[in-house]
Amino acid sequence: MPLEVIYTIAAVITALGVIIGAVIAIYRIARKIGDAIGVDKAGRTLAERLDRVEHQLWENGGSSLADRVNRIEKASVESTVELKIIKEILIGMPSYAPVESKAPVRRRRNKTDDTPQ
């Protein structure tokens with residue numbers, strides 16, 4: 001066989017290998033995207049899963065993430081105030097930076113709109 005025929009066959013085989021590898025890579029990427037956007041093992045869609053996450057961002061009377069953060073912030077401010085009072089009593093030095101007790105930030109969600117007020 002002439003050398004040109006061998007080179008042509010090798011080039012065709014290499015091209016087919018590259019095309020098959022690209023098709024496999026695209027299939028894997030498409031499958032991952034489909035798994036992420038599609039239905040999970042529990043049968044929930046992406047929109048349902050995001051609704052559960054969004055529910056945690058708004059106060060709902062004690063069980064949301066926002067409520068928990070507000071409780072932690074309030075406890076932290078109270079502890080800081082108590083610590084400053086104890087320092088003033090024990091050391092006798094007044095603190096020069098007054099601590100203001102702030103109420104937790106309240107965020108409400110409008111029934112007709114999903115944007116926070």
Mean-position separation - Cα centroids, segment 1-21 and segment 46-80, in angstrom: 62 Å
Trypsin sites (Lys or Arg not before Pro) lying in DSSP loop within segment 1-48, provided at most 16 other Cβ fall within 10 Å: Lys41, Arg44
Integer Hz, Karplus 6.51/-1.76/1.60 couplings in order for segment 32-40, x for Gly and Pro: 5, 5, x, 5, 6, 8, x, 8, 7
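Nearest 0.05, what FRET efficiency do Ile26 and Arg49 give at R0 = 30 Å with Cβ-Cβ as r?
For R0 = 30 Å, the calculated efficiency reads 0.70.
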Estimated inter-spin distance, Ala10 and Ile91, nm [label 7 Å along Cα→Cβ]: 8.1 nm
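Only the coordinates and a few stated rules stand behind these numbers; no lab work does. Computed from a predicted structure; not experimentally measured. When we count neighbours, we look across all protein chains shown, and the Cβ atoms used for this are built from the backbone with ideal geometry, even at glycine.
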